[in-house]
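Right, one structure below, let's go through it.
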Amino acid sequence: MISASRLRFPATGRSGHNAGPSRHSRLRMTDPLDTLHRVFGYPSFRGPQAQIIDHLIGGGDALVLMPTGGGKSLCYQIPAMLRPGVGVVVSPLIALMQDQVDALLQAGVRAAFLNSSQDYATASEIERRLRMGELDLIYVAPERLLTERFLGLMDRLHEQNRLALFAIDEAHCVSQWGHDFRPEYIQLSVLHQRYPSVPRIALTATADTLTQQEIISRLGLDAARVFISSFDRPNIRYTVVERDNPRRQLLGFLAGYRGAAGIVYCLSRKKVDETAAWLKEQGITALPYHAGLDSATRQQHQQRFLREDGIVMVATIAFGMGIDKPDVRFVAHLDLPKSLEAYYQETGRAGRDGEPAEAWMTYGLNDVVIHRMRIDESVAGEEQKRVERSKLDALLAWCETVACRRALLLRYFSEEAQACGNCDTCLEPPELWDGTVAAQKAMSAALRTGQRFGAGHLIDILRGKSTEKVQQFGHASLPTFGAGAELDDAGWRSVFRQLLAAGLLHADAQAFGALRLMDAARPVLKGEASLSLRKQAKRVHGRKSAPEARRAGAGPALADADAPLFEALRAWRADLAREQGVPAYVILHDRTLRELAARRPESQADLLDIPGIGQAKAERYGEALLQLMA
């Protein structure tokens with residue numbers, strides 16, 4: 001039994017190191033469950049956490065696939081504290097290192113990070129503490145780890161049997177075909193070659209079968225045990241709307257999230273800047289984030305998003321990896337992502353606290369054409385292009401599905417699931433219609449114009465519009481001119497989009513997006529096969545209340561009588577966060593504050609029964625919390 005009096009909480013800050021030793025300097029626990037409860041304040045492990053931790057403590061290698069918010073970090077943090085020596089965590093982003101180290105320091109764990117944000121004196125002090133055995137966890141960027149200086153330091157620790165483990169976070173960054181490829185990650189195979197006796201754990205929230213195989217191959221994890229948790233995030237609602245007026249649609253969606261934190265993803269830097277500026281004009285606190293901004297601005301915007309309530313970050317995919325903010329209530333896409341993996345990774349930043357959240361996307365015909373053209377025009381090899389086309393096809397099929405979106409998404413990750421009741425296709429099942437004749441008209445228009453034109457021109461022909469371009473090429477005399485008057489522009493865009501998604505048409509990058517027929521189109525065009533298409537549906541762009549059954553892991557609802565105490569606790573936490581220079585959730589999560597408000601503990605011993613409060617936090621904050629609840 002470890003008494004609270006033996007736990008000295010370290011002074012914290014953003015420098016990446018703490019001011020003195022904690023309970024780990026002379027005393028180590030031996031039981032993972034005891035460590036979980038006393039250090040992190042949780043009563044039990046979730047899913048496969050206990051198995052993973054036992055496997056790693058025993059010296060085994062592991063590949064862990066676990067959804068965002070599933071508790072991946074504990075899988076290596078606890079073994080690092082229980083095995084002799086220091087756990088070396090490879091992390092791709094400075095923000096991720098800082099937040100995780102801040103959270104560990106709050107829990108009384110000896111942790112630090114090394115990255116380019118530190119001056120020489122700070123980095124030297126952390127290296128000294130590492131040599132002296134004063135750290136249980138050290139977070140490093142891959143490029144720092146691969147320097148001769150750091151490898152030499154690890155060599156000395158290895159000779160003294162003081163390397164506890166290696167944890168490779170965001171392991172999907174090793175995949176050259178993935179959406180977050182980092183060349184330095186491939187070189188991390190040096191860990192296995194140089195320190196074969198030190199256990200390694202690679203972790204990711206996003207990896208299809210191909211990416212899993214690439215992680216295993218490139219990191220030399222052939223003998224590793226693979227742990228795969230359910231990819232399901234039941235608290236996230238998935239919604240896709242047909243693009244009409246994207247700004248109006250986005251504003252309608254955001255009306256259901258006034259004052260909430262969220263992320264809006266755009267494909268280009270220009271669109272990020274314009275969207276953020278426009279949202280500000282609408283009275284929404286929005287900030288831009290992309291690689292074209294200087295590093296100081298990016299860091300300032302990221303820190304505001306992490307520390308302030310109600311910030312909407314408008315960003316390219318440069319933003320998001322490693323963001324641990326638990327109360328992101330929505331992720332919206334104004335443009336189609338590159339793949340279902342990328343979509344799952346990006347939307348997974350919503351609802352990490354288990355509370356209801358929404359993934360919303362507006363999607364149109366131009367998205368399909370642009371992505372196909374980008375793949376065809378890239379300098380990648382044919383095999384990589386084939387893989388990227390396959391991934392895009394899977395995403396398009398997901399966008400156009402009439403079945404449950406969640407079930408289809410999980411099936412992509414080789415996980416079977418039933419209809420969820422918490423996505424747009426479950427809540428508002430789309431209607432089907434026999435689109436065979438419409439498809440024949442669309443494909444005939446493409447054929448009769450020499451397969452040299454895009455959807456816009458073909459729609460003008462089908463609807464009988466005598467535009468200057470139609471007249472210029474003599475297309476008003478074609479049999480298909482005016483043959484499609486039964487559908488409006490939006491209806492025909494839906495038809496062409498679905499034909500592209502079904503692989504019956506292809507957008508030719510060499511011909512500026514001209515639509516060409518694929519072999520699969522022949523049976524439909526000849527009347528040998530029928531084709532069902534989904535009808536256009538007017539979606540409600542605001543968020544509906546999620547059914548109670550979908551509030552998995554959300555914790556108890558807050559009674560009206562407890563709301564004032566909850567808000568007082570949040571205000572107290574916000575003051576502390578500003579004083580310490582850390583995000584508020586690093587001190588205590590909203591779920592912990594909700595438990596405090598509902599249960600109103602009366603002693604420090606009672607505090608230890610609240611999920612998220614371990615001995616160090618009880619010792620440091622107990623008196624103030626008990627006074628607030630008195």
Can you give me the distance in nm between label points at Thr122 and Ser295, each placed 7 Å from the Cα along the Cα-to-Cβ direction?
1.2
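Quote to one decimal, in nm, the extra length available between Asp244 and Phe181 on full extension: 0.36 nm per residue of separation minus the C-alpha distance between them.
Taking 0.36 nm per residue and subtracting the Cα distance, the gain is 19.4 nm.
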Full extension from Arg522 to Ala563: what is 0.36 nm times the residue separation minus their Cα-Cα distance, to one decimal in nm?
8.4 nm
Determine Rg/Rh for the stretch 432-534; Rg is computed over alpha-carbon atoms and Rh is the Kirkwood hydrodynamic estimate from the same atoms.
0.94
Tell me the mean residue ellipticity at 222 nm calculated for the chain from its helices only (DSSP H runs of n ≥ 4, each -39500 (n - 2.57), averaged over every residue, nearest 500).
-12000 deg cm²/dmol
Percent antiparallel among DSSP beta bridges with both residues in the chain, to the nearest 5?
10
Given a cut-off of under 8 Å on Cα pairs at least six residues apart, what relative contact order in percent is computed for the stretch 555-629?
33
Karplus (6.51, -1.76, 1.60) ³J(HN,Hα), θ = phi - 60°, over the stretch 162-175, in Hz, Gly and Pro reported as x
10, 9, 6, 5, 10, 10, 10, 7, 6, 5, 5, 5, 7, 7
If you average the alpha carbon positions of the stretch 71-141 and of the stretch 417-492, how far apart do those two centres end up, in angstrom?
57
For the stretch 166-214: relative contact order, % (alpha-carbon pairs under 8 angstrom, 6 or more apart):
51
Between Val226 and Asp309, what is 0.36 nm times their sequence separation minus the Cα-Cα distance? Round to one decimal in nm.
26.1 nm
All-pairs Cα distance distribution in the stretch 367-524, expressed in whole percent, bin size 5 Å
2, 9, 16, 18, 17, 15, 11, 8, 3, 1, 0
At what distance in nm do the modelled label points of Ser530 and Lys270 sit from each other, each positioned 7 Å from its Cα along Cα→Cβ?
4.6
Which peptide among 238-248, 492-502, 46-56 comes first, and what is the full order, when sorted by highest mean count of other Cβ atoms within 10 Å?
492-502, 46-56, 238-248
Computed label-point distance, nm, for sites Thr209 and Arg599 using a 7 Å Cα→Cβ extension
4.4
Value of relative contact order over the stretch 7-228, rounded to a whole percent, pairs C-alpha under 8 Å and six or more apart:
27
Working from Cα positions, state the angle (0 to 90°, nearest 10) between the long axis of helix 209-218 and the longest principal axis of the chain.
50
Please list, ordered by chain and number, the residues whose modelled amide H lies under 5 Å from the amide H of Tyr265; skip anything fewer than 5 residues away on the same chain.
Ala315, Ala332, His333, Leu334
Using only the Cα atoms, what convex hull volume per residue in Å³ does the chain have?
159
Restricting to the stretch 7-228, what percent of DSSP beta bridges are antiparallel, rounded to 5?
0
Are there chymotrypsin sites (Phe, Trp or Tyr not before Pro) in the stretch 558-630 that DSSP puts in a loop and that have at most 10 other Cβ atoms within 10 Å, and which ones?
none
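Under 37 °C and 0.692 mPa s, how fast does the stretch 7-228 diffuse according to Stokes-Einstein, given a Kirkwood radius computed over C-alpha pairs? Answer in µm²/s, whole number.
Translational D for this selection: 189 µm²/s.
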For the stretch 555-629, the Cα-Cα pair-distance distribution in 5 Å bins from 0, as whole percents, is 3, 17, 29, 29, 16, 5, 0
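Just so you know, all these numbers are worked out from the coordinates, no wet-lab data involved. Treat the numbers as computed from the prediction; the structure is a model and nothing was measured. Note that each Cβ is placed from the backbone with ideal geometry, even for glycine, and that neighbours are counted across all protein chains shown.
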